[in-house]
Amino acid sequence: MPAVLAAAWSLLAAAFLAALVLVPRLRRAGVVSGLLQDLVRYGKTKRGCGQRPGWLRLLQAPKRWFTHFYVVSVLWNGFLLIGLFQAEFLGGSLPSWIQHVHRSLGRDSQSEDTGNEHFSALLVLLLLWLHSCRRLAECLWTSVFSNGVIHIVQYCFGLGYYIAVGSTVLCQVPSNVRNGKVISLSHSVPFGDWFERVSCPHYFAELLIYVSMAITLGFHNVTWWCVVMYVLFNQALAAVLCHEFYQKNFSSYPKHRKAFIPFVF
């Protein structure tokens, strides 16, 4: 198990856990800087945070650029999927750079269960690629983006994330081998299905997707469970901020709804 990858994902998870725990408390105490607010909030959750300095407003990108994340993911993870498929079924080998990464991380070139590891990684990459295709289709033909913004650091992080997550899957393998008419751009209280239980069911669904990938790779795969922990805290932070937005802007917002996980949180 590549300890370096596990450590990197664990650090990311810890950073978002710290933000999840500390940012709401620091904001209520009035000691959160404008830069920190910009780095953890995006879109509608930036509203109500006071006037930001002009130099911070220069470091922002339209939220509709989220589409770029999934373009990159479809292309990059599709490339990795093809490479692994060739190695698994066509007698080829993994790209030399992956083998170099394996050696750098101390990954053994042989495994007692090489066939299963290849197939599990292939299945996870396929699920990740299909998930990215679905999200790209949503961004292109379903999502309606208003004038919300994201910090340029968040944008770069998002691009890097989808490259890193697919590469992490591949590094688990031994080296031998928009509809309808837009009515309004304003926000309103969502109702129906999972929205009756949580404010952000799409974030919860994202977590479930990664948990399913972890189960596919195997409960013993510590590296991918570190990825799951990162997704958990990352999505939990975004869900809490959205939940606070709804509670602040809609006085009749249902009291029974949780932010992220039904009946729990």
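Each reported figure results from applying straightforward, stated rules to the coordinates on display, with no laboratory input. All of these numbers come straight from a predicted model, not from anything done at the bench. Methodologically, a virtual Cβ is constructed for each residue, glycine included, from the backbone with ideal geometry; neighbour enumeration extends over all protein chains shown.
Label point of PHE265 set 7 angstrom out along Cα-Cβ; within the range 214-245, amide nitrogens under 14 Å from it belong to 228-241. With both labels modelled 7 Å from their Cα along Cα-to-Cβ, the SER146 to PHE89 distance reads 4.5 nm.
Excluding same-chain neighbours fewer than eight residues apart, the lysines reachable from LYS63 by a Cα-Cα span under 16 Å are LYS44, LYS46. With a point put 7 Å past each Cα toward its Cβ, work out how far ALA7 is from SER212 in nm, to one decimal. Rounded to a tenth, the inter-label distance reads 3.4 nm. Segment ALA137..ARG28, full-extension length gain: 35.4 nm, with 0.36 nm per residue of separation and the alpha-carbon distance subtracted.
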